Amino acid sequence: MLKKNKLASFSCVSPSPSPQSPNMQINKITAYLLVSHGSRDPRPDIAMQQLAGMLSEILPQGENFVGVATLEANIQPLHLQIQDFAHRVQAFGCQRVQIIPLFLLPGFHVMTDIPAEIALAEQAITEGMTIELRPYIGSYPGLAKFFAGMMTTIKADVSIILAHGSRRAGSHTPVENIAATVDAVTAYWSVPPSLEVRVQELIAAGYGRIAIFPYFLFTGGITDAIALAVETLKLQFPSVSFQLAQPLGTSREFANLIENFIKEEDKVFG
């Protein structure tokens, strides 16, 4: 069984000079810590490990130190996970850890919880190590292109992007922008408009083939509930065709998207 806060197992410690090598350009080595929400369901944890492994394979040799951590459902709070990761990669010459929040909407976790945990971690980080917080992955403009590619795999008259939702003001703007770009409509799992209400509106407007794209990273309890809800809609509206896509998941394409996100942000962070 995979353990939480484990360095991604493929090439997190890549074939580089030994930890104490004087020839290592330590000021240029960056490690990346992917931070997700966390779940008691083991599937998201396994998926995170797989995604970190793929990203580690994609990144250039010597720059592919990748780890995972979770905000919740972990035996350690996030700030201790950050400290442990920083100490481990520092032994291989890393002097900079960049935190990449794998969150799709700018809710309370992204805007408040993660920055607070980083502040706590920095209190115990040794001199010479820098912790940097990157923007959350849902802010990346490349997600619209990624979604457009996903939508080409399903034939439908109309598409719904189904996100979790948040009551935080302005938090839905990123997914609403993506929907506008790819000519889709939105629905939310935890706040209005719900999937059922949106489906009823579309059927009333004359749509007979509806595709539903979960705006979630990994399969878990909520995506299971979404699948059940779609089966209920099929029974309720037998003349309508419903197709449910998979979450963004652990595809090589999504790992490539994260790499592109890192490169784009490098232009800002330097």
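Read the figures in this text as sums done on the coordinates, not as results from a lab. None of these values were measured; they are calculated from a predicted model. Cβ atoms come from the backbone with ideal geometry, glycine included; neighbour counts cover every protein chain shown.
At a glance:
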{"quantity": "Rounded to 10°, Cα long-axis angle of helix 78-90 versus longest principal axis of the chain", "calculated": "50"}
{"quantity": "Dipole of the chain, positive direction: furthest Cα of 33, 243, 86, with charges on the beta-carbon", "calculated": "243"}
{"quantity": "Cβ charges +1 (Lys, Arg) and -1 (Asp, Glu), total dipole of the chain, debye", "calculated": "260"}
{"quantity": "Crossing angle, helix 195-204 versus the chain [Cα axis fit, 0-90 degrees, rounded to tens]", "calculated": "40"}
{"quantity": "Mean-position separation - Cα centroids, region 128-172 and region 209-248, in angstrom", "calculated": "18"}
{"quantity": "Estimated vicinal HN-Hα couplings, Hz - region 143-160 in sequence order (Karplus 6.51, -1.76, 1.60; Gly, Pro = x)", "calculated": "5, 5, 5, 4, 5, 4, x, 4, 5, 6, 7, 10, 8, 7, 7, 8, 10, 10"}
{"quantity": "Highest-fluctuation residue, 247, 135, 238 considered, GNM on the chain with Cα pairs under 10 Å", "calculated": "238"}
{"quantity": "Degrees separating the helix 252-269 axis from the principal Cα axis of the chain, which is the longest one", "calculated": "60"}
{"quantity": "Candidates 175, 197, 158, ranked by Gaussian network fluctuation over the chain, Cα under 10 Å, top entry", "calculated": "197"}
{"quantity": "Gyration tensor (Cα) of region 26-138, equivalent ellipsoid semi-axes in angstrom", "calculated": "21, 17, 13"}
{"quantity": "Cβ-derived FRET efficiency at R0 25 Å, residue 84 paired with residue 227, nearest 0.05", "calculated": "0.10"}
{"quantity": "Amide proton proximity set for residue 66, modelled H, under 5 Å, gap of 5+", "calculated": "8, 12, 32"}
{"quantity": "Under 16 Å from the residue 73 label point (7 Å along Cα→beta-carbon), backbone N, region 197-234", "calculated": "216-227"}
{"quantity": "Among 83, 49, 236, residue whose mean-square fluctuation peaks in a GNM of the chain (springs only between Cα atoms under 10 Å)", "calculated": "236"}
{"quantity": "Per-peptide average of other Cβ atoms within 10 Å, ordering 137-147, 202-212, 93-103 highest first", "calculated": "93-103, 137-147, 202-212"}
{"quantity": "Whole-angstrom Cα spans of the chain along principal axes, big to small", "calculated": "69, 37, 31"}
{"quantity": "Whole-Hz ³J(HN,Hα) from phi, Karplus 6.51 cos²θ - 1.76 cosθ + 1.60, for region 53-69, glycine and proline x", "calculated": "x, 5, 5, 4, 5, 7, 5, x, 4, x, 10, 10, 8, 10, x, 10, 8"}
{"quantity": "For region 132-270, projected area of the alpha-carbon convex hull averaged over all directions, nm²", "calculated": "9.0"}
